[in-house]
Number of protein chains: 2
Amino acid sequence: MKAWSIKKPGGRDVLQQIDVLKPVPKQGELLIEVKAAGINRTDTLTRQNETLAASYPILGVEISGVVVENQSTDPKLNAGTRVCGLVNHGGYGEYAIMPADRAMILPDELSFSEGAAIPEVFLTAYQTIYWLGELDKKEKILIHAAGSGVGTAAIQLARQLSQANIFATAGKTEKLNMARTLGANVTVNYKEESFSERVNTVTDGTGVDVILDFVGASYWEMNMASCAVDARWILIGTLGGSEVANVSLNHLMKKRIALKATLLTPRSDEYKARLSQEFAEMAMPLFQEKKLKPVIHKVLPFAELKEAHRIIENDENIGKIILKVSE
Amino acid sequence: MKAWSIKKPGGRDVLQQIDVLKPVPKQGELLIEVKAAGINRTDTLTRQNETLAASYPILGVEISGVVVENQSTDPKLNAGTRVCGLVNHGGYGEYAIMPADRAMILPDELSFSEGAAIPEVFLTAYQTIYWLGELDKKEKILIHAAGSGVGTAAIQLARQLSQANIFATAGKTEKLNMARTLGANVTVNYKEESFSERVNTVTDGTGVDVILDFVGASYWEMNMASCAVDARWILIGTLGGSEVANVSLNHLMKKRIALKATLLTPRSDEYKARLSQEFAEMAMPLFQEKKLKPVIHKVLPFAELKEAHRIIENDENIGKIILKVSE
C-alpha cells in the first residue's frame with residue numbers, strides 16, 4: 001500500500017511516499033481502508049522530531065474510512081462500517097489500524113472528508129471544555145485562536161452542548177466572522193483591543209469561568225485578569241511563548257484558579273477510548289442534525305501532503321486541512 | 001456573653017474581650033454554647049486586616065459545643081447535641097451561630113477540645129487531597145509543612161482513607177518524627193536535603209501524583225521536579241513567597257500538571273456544607289475508632305487568647321492551639 005513517512009526528521013522536504021505491506025490488526029483492533037486523513041500540527045512536530053529513531057513511522061493521527069477487518073468483539077464495527085477516529089500514527093496510508101474501542105461510527109449524513117476533520121479537534125475541544133474545564137450550562141468561556149481547528153470546534157460545542165456565553169479572540173476579521181457564525185457571543189480582534197478589558201467590561205468585572213489557552217506566555221497577565229473566581233484555565237498550547245516572568249501566586253489564590261496543562265496525543269489508549277466513546281454519545285447525534293459541523297479549509301489530493309504541511313505551518317487555514325487518501 | 005473582638009486592626013495588643021448579647025439563630029441555624037474554639041492563621045490575618053470596617057467581628061472560624069437552640073428541620077441536631085464545625089466568624093465567644101447543614105455531630109469518644117481541633121484543618125486537608133487533588137488509592141502524595149495543623153491532618157487522611165505512599169517535609173526533627181507516627185512513609189528535613197531529589201530517588205524518577213503546597217515561590221522548581229505525569233499540585237499557602245521569577249509553561253505541559261490554587265475560608269456556605277457533610281460521613285467513624293486523631297499542641301484558657309495568637313504567629317506549634325471557652 002502507499003503511505004507517507006519521512007526520510008529523516010526535518011523540514012517538509014523530508015516527507016516521502018513509501019510502499020509498504022498492509023498492517024495486520026491484532027485482537028481488539030480494526031483494519032480500516034482509509035478514505036481521508038486530517039493534518040495536524042502534531043504531525044509537523046513529529047516530522048521534525050530529532051529524537052525519533054528509524055524506522056520512521058507513517059505520519060497521521062486521525063482518519064475516516066471503512067472497516068475491512070474487525071478483530072474486536074463489537075458487531076457494530078463489522079466490515080463495511082463507516083468510521084472515524086484517532087490512530088497511533090499511521091493515518092497517512094491507504095490502510096490503517098485503529099483500536100476498536102476508539103472508533104466512532106460515521107453517520108451517513110457526513111462525508112469521509114468531514115469525518116476525518118472531527119476526531120483530533122473535536123475530541124481535544126471536548127476534553128478541554130468538559131473533562132478539564134468542567135464547563136457548566138450557561139457559564140462563560142474565553143476561547144483563543146478562534147479560527148483554529150480546535151477553536152472552531154470549541155465554539156460549536158460550548159454553544160450547542162452548554163448554551164455558554166462565549167468570548168472568542170483571533171487576529172483576522174474573517175476568523176472572527178466565522179467565530180460569530182459558529183456561536184460566539186463576543187469576538188475580539190487581539191490586534192486592535194485588549195481582550196481582558198473587553199471581558200471585564202462585558203461581565204461587569206466578574207470574568208470568565210473557563211479559558212482555552214493556546215497562547216501561553218504572551219497572554220499570561222490578560223488571561224489572569226480575565227479569570228472569574230474558581231476559573232478553570234486550560235493550557236493547551238504555547239504559540240505565544242512558554243516562559244513567563246514574575247508570576248504572582250497570590251493572584252492565582254485570590255481567584256482560586258485551577259491552571260491545567262494538557263496535551264491529547266501523548267495520552268494513553270484507555271484515555272482516548274473513554275474520551276471517544278463519551279464524545280460519540282454526546283455529540284455525534286448533533287452532527288447528524290447539522291447542529292455541529294466540521295470546519296474544513298481545504299481538501300487536498302494524497303500526492304499534495306507537502307502543500308498540506310505548508311498551509312498548517314504558515315497558519316493560513318481556518319479550520320481543517322484534509323488529505324484525500326482514496327475515493 | 002463574653003467574646004473576643006478587636007479594638008481596631010493590628011497586632012496582638014488590639015485583641016479585646018467584650019460583653020455582647022447572645023446571637024439569635026435564624027431559620028436553618030443552630031445556637032451553640034461554645035465549649036472550645038480552634039485558633040487559625042486566618043484569625044490572625046483577620047485581626048490585622050486594615051480593610052475591615054467597624055463594628056469589628058468576634059473572631060474565630062471553628063468551634064465545638066452543645067446545641068442550645070435548633071432552628072433547622074433536622075431532629076438529629078436538637079438541643080443537647082454535641083457538635084463541631086465551621087462558623088462564619090464568632091467562634092471566640094460563649095455562644096455562636098452555626099448553619100445547621102455544616103454541623104458535624106461530635107462522637108462521645110472525643111472531648112470538646114478535640115472536636116474544636118477538627119473542622120478547619122481536617123476539612124482543608126480533605127478538600128485539597130480529595131476534591132482538588134483527586135488522590136486515588138495507593139497513589140503518591142507529597143505533603144509540605146508536615147508539622148502544621150493541615151499537614152498532620154493530611155498525613156492521617158492520606159494514610160487511613162487511601163493507603164497512599166506519603167512523602168512529608170518539615171524543618172524540625174520532632175515534626176518529622178510526628179509525621180512518621182501519623183503515617184508518612186518518607187520524611188525529608190528540607191534544611192538538610194533537597195526533597196525533589198529524594199522524591200525522584202525513591203520513585204525512580206516517576207514523581208508524586210499530588211502535592212499539598214503551603215510554600216509557593218521558594219519551592220516552585222523543586223515541586224515542578226517532583227510532579228509525576230498528570231500530577232495535581234494544590235497551592236494552599238505562600239509561606240515561601242508568592243512571586244515566582246520564571247515559570248516554564250512547557251514543564252507544566254510536558255507533565256500535564258494541574259496547578260490548583262485554593263482557600264477554604266472565603267468559600268460559599270453551600271460549599272462548606274457539602275464538604276462538612278461528606279467529611280463527616282467518610283471520616284468521623286475513623287475518629288471514633290481512634291484511627292484518626294486531632295493533633296493538639298496546647299489548650300489555653302479563654303483569657304489567654306493573646307498567647308494563643310503569639311504561638312501561632314511564631315510557628316511554635318505542632319498541631320492545633322485550642323481556646324477553652326467554657327467547662
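The values are calculated or read from the model by the stated rules, or taken from the named source; none is laboratory data. Please read all numbers here as calculations on a predicted model, not as lab measurements. Don't worry about glycine lacking a Cβ; one is built from the backbone with ideal geometry, like all the others, and counts go over all protein chains shown.
Looking at segment A:73-96, can you tell me whether even one residue there is at pLDDT below 95, in the same structural domain as A:Leu300 (by TED's automatic domain parsing) and among the small types (Gly, Ala, Ser)?
no
Going residue by residue through segment B:182-196, is there one that turns out to be of a type in the set (Val, Ile, Thr), surrounded by fewer than 15 Cβ atoms within 10 Å (Cβ to Cβ) and on the phi < 0 side of the Ramachandran plot?
no
Could you pull out every one of the strands (runs of 3 or more DSSP E) wholly within segment B:1-47 that has 2 or more residues that are modelled with pLDDT of 95 or more and farther than 21 Å from B:Leu86 by Cβ?
Here the list reads B:15-19.
Restrict the check to segment B:190-204 and report whether at least one residue is more than 10 Å from chain A (Cβ to nearest Cβ), within 22 Å of B:Lys140 (Cα to Cα) and among the basic types (Lys, Arg).
Yes: one or more hits.
Would you confirm whether or not segment A:133-148 contains a residue that is closer than 23 Å to A:Val121 by Cβ and of a type in the set (S, T, N, Q)?
yes
Looking at the structure I just gave you, is B:Val208 on the phi < 0 side of the Ramachandran plot, among the aliphatic types (A, V, I, L, M), away from every other protein chain (no Cβ under 14 Å) and buried (at least 17 other Cβ atoms within 10 Å of the Cβ)?
yes
Specify the residue that is nearest to the other protein chains (Cβ to nearest Cβ); the eligible residues are those in segment A:257-277 that are within 28 Å of A:Val215 (Cβ to Cβ), under 16 Å from the mean Cα position of the chain (by Cα) and touching a residue at least 40 places away in the same chain (Cβ under 8 Å).
This residue is A:Thr262.
Residue-wise test of (1) crowded, with 16+ Cβ neighbours inside 10 Å; (2) not aliphatic (A, V, I, L, M).
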position: A:Lys7; (1), (2): no, yes
position: A:Gly10; (1), (2): no, yes
position: A:Asp13; (1), (2): no, yes
position: A:Asp19; (1), (2): no, yes
position: A:Val24; (1), (2): no, no
position: A:Gly28; (1), (2): no, yes
position: A:Leu31; (1), (2): yes, no
position: A:Thr51; (1), (2): no, yes
position: A:Ala54; (1), (2): no, no
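With (1) within 14 Å of chain A (Cβ to nearest Cβ); (2) assigned to a helix (DSSP H, G or I) as the list, and B:Met284 as the residue in question, which single condition is left unmet?
Going through the list (1) within 14 Å of chain A (Cβ to nearest Cβ); (2) assigned to a helix (DSSP H, G or I), B:Met284 breaks only (1).
Residue under question is B:Lys140, and the condition is that it be among the basic types (Lys, Arg), in contact (Cβ under 8 Å) with a residue 12 or more places away in the chain and surrounded by fewer than 24 Cβ atoms within 10 Å (Cβ to Cβ); does it hold?
no
Name every residue in segment A:137-164 that is among the charged types (D, E, K, R), assigned to a loop (DSSP other than H, G, I, E, B) and closer than 21 Å to A:Pro285 by Cβ, in order of residue number.
A:Lys137
Need the failing condition index for A:Val247 against (1) assigned to a helix (DSSP H, G or I); (2) within 14 Å of chain B (Cβ to nearest Cβ), just the number.
(1)
Quick check on segment A:215-232: of everything there that is more than 9 Å from chain B (Cβ to nearest Cβ) and hydrophobic (A, V, I, L, M, F, W, C), which residue is farthest from A:Glu313 (Cα to Cα)?
Ranking the qualifying residues of segment A:215-232, first place goes to A:Ala228.
State which residue is surrounded by the most Cβ atoms within 10 Å (Cβ to Cβ) when the search covers only segment A:71-94 and only residues that are more than 22 Å from the chain's Cα centre (by Cα) and either of a type in the set (A, V, I, L, M, F, W, C) or in a strand (DSSP E or B) (or both).
Result: A:Leu77.
Restricting to segment B:105-122, and then to whatever is surrounded by 24 or more Cβ atoms within 10 Å (Cβ to Cβ) and of a type in the set (Val, Ile, Thr), can you tell me which residue is nearest to B:Gln277 (Cα to Cα)?
Among those that are surrounded by 24 or more Cβ atoms within 10 Å (Cβ to Cβ) and of a type in the set (Val, Ile, Thr), it is B:Ile118.
Go through A:Ala170, A:Ala100, A:Ala158 for me and flag whichever is under 26 Å from A:Ala308 (Cα atoms) and either of a type outside the set (Asp, Glu) or surrounded by fewer than 21 Cβ atoms within 10 Å (Cβ to Cβ) (or both).
One residue alone meets the criteria, A:Ala170.
Can you name the residue in segment A:233-243 that is at the interface with chain B (Cβ under 7 Å from one of its Cβ atoms) and surrounded by fewer than 20 Cβ atoms within 10 Å (Cβ to Cβ) and is also nearest to B:Lys255 (Cα to Cα) among such residues?
A:Ser242
Can you confirm whether segment A:221-235 contains a residue that is within 30 Å of B:Thr238 (Cα to Cα), charged (D, E, K, R) and in contact with a Gly (Cβ under 7 Å, 6 or more places away or on another chain)?
yes
In segment A:95-124, what residues are under 20 Å from A:Leu263 (Cα atoms), touching a Lys or Arg at 6+ places or on another chain (Cβ under 6 Å) and part of a helix (DSSP H, G or I)?
A:Arg102
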